Amino acid sequence: MVTAMNVSDETKQLLQPYNFELFRDMRPFLEEYWATSFLIALIYLLLTFVGQNYMKARNGFNLQGPLIFWSLCLAIFSILGAVRTWSHMGILLLRGNLKQTVCFSIFASDPIIKFWSCLFLLSKIVELGDTAFIILRKRPLVFVHWYHHSTVLVYTSFGYKNKVSAGGWFMTMNYGVHAIMYTYYTLKAAKVTPPRWLPMLITSLQILQMFMGATISILNYIWRQDQGCHTTSEHLFWSCILYMTYFILFARFFHQTYIMPKVKAKTKSQ
């Protein structure tokens, strides 16, 4: 039988960390940041509504250059994060089994995971800047956008502090979706016409991510007695609540954005 220790040793042999990934461990500091995430989310929401009111009587800014740079930086970061975390999770999945990837806290001490999970947490603060571009350019700000940004920030810090096992897949899937999403945003900001199916694909992947996230949280709770799979009913409750609301909101967005216009166009043509 393949043990978690054997898989861990094999993973280290197959996937060596780069020098920059051997950065000083910031976990002690970031674990204390957990309470601060609520304050950051609250300030974010306050600035969002204040910013919208401020821009009501003003013309929107162009900001094409800064938006291209912003989206490109986040696209490159997400691609790198996706490559490293998917490589790690892929090895765990191929050399071990699904349970060992769900029981991710076993491998939380791996330098690659420590580095990219640290950056993942910090990136949720940086990504709040997406909303500033929407407000300053006077683009429509939908509920799912600011709700998702603020709650993901708090939930990510909660999962990081408590080493929630399902957080491994949450981080990995999020890096993957964002790699595609911010590449699309970069092309759109540069006025390069991407394939028409690309935004639909991104929303579909986001919906799939929410379904998989809830499934993994449930599996993690089922296997909670196994080594490294420690979780609580509190973790399960908040994971499922958030993933269910995300699933509903993104599914509704998909329906309103991609299904309803086609239905209306078909009705008019008749």
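What follows is calculated from the coordinates using simple rules that are stated; it is not laboratory data. Here the structure is a predicted model, which is why all the values come from computation and not from measurement. Cβ placement follows ideal geometry from the backbone for every residue including glycine, while neighbour counts extend to all protein chains displayed.
Largest first and in whole Å, give the semi-axes of the chain's equivalent ellipsoid, each being the square root of 5 times a Cα gyration tensor eigenvalue.
Working: eigenvalues 229, 91, 75 Å².
They are 34, 21, 19 Å, listed from largest to smallest.
Working from the pairwise distances between different alpha carbons, so that the mean of 1/r is found and then inverted, what is the range 150-270's Kirkwood radius in Å?
16.2
Could you work out how much longer the chain between residue 63 and residue 86 gets when fully extended? Use 0.36 nm per residue separation minus the Cα distance between them, nm to one decimal.
Numbers: separation 23, 0.36 × 23 = 8.28 nm, distance 3.33 nm.
The span from residue 63 to residue 86 would gain 4.9 nm if fully extended.
Output needed: Cys residues of the chain lacking any neighbouring Cys C-beta below 4.7 Å, sorted by number.
Lone cysteines by the Cβ rule: 73, 118, 240.
So what's the angle, to the nearest 10 degrees on a 0 to 90 scale, between helix 167-189 and the longest Cα principal axis of the chain?
Helix 167-189 sits roughly 30 degrees off the main axis of the chain.
Using label points projected 7 Å from each Cα along Cα→Cβ, tell me how many nm separate residue 93 and residue 19, to one decimal.
3.3
What does the charge dipole of the chain about its Cα centre add up to, to the nearest 20 debye, if the Cβ of each Lys and Arg holds +1 and the Cβ of each Asp and Glu holds -1?
1380
Where in the range 161-270 are there chymotrypsin sites (Phe, Trp or Tyr not before Pro) that are in a DSSP coil and have at most 11 other Cβ atoms within 10 angstrom of their Cβ?
Loop-located and lightly packed - 197.
Compute the angle between helix 111-126 and the longest alpha-carbon principal axis of the chain, please, reported from 0 to 90 degrees and rounded to the nearest 10.
The angle comes out near 20 degrees.
Here are some pairs, 124/161; 99/124; 56/191; 124/188; 138/262; which of them have Cα atoms lying more than 18 Å apart in this structure?
Numbers: 124/161 15 Å; 99/124 27 Å; 56/191 25 Å; 124/188 22 Å; 138/262 26 Å.
Distance filter (> 18 Å) returns 99/124; 56/191; 124/188; 138/262.
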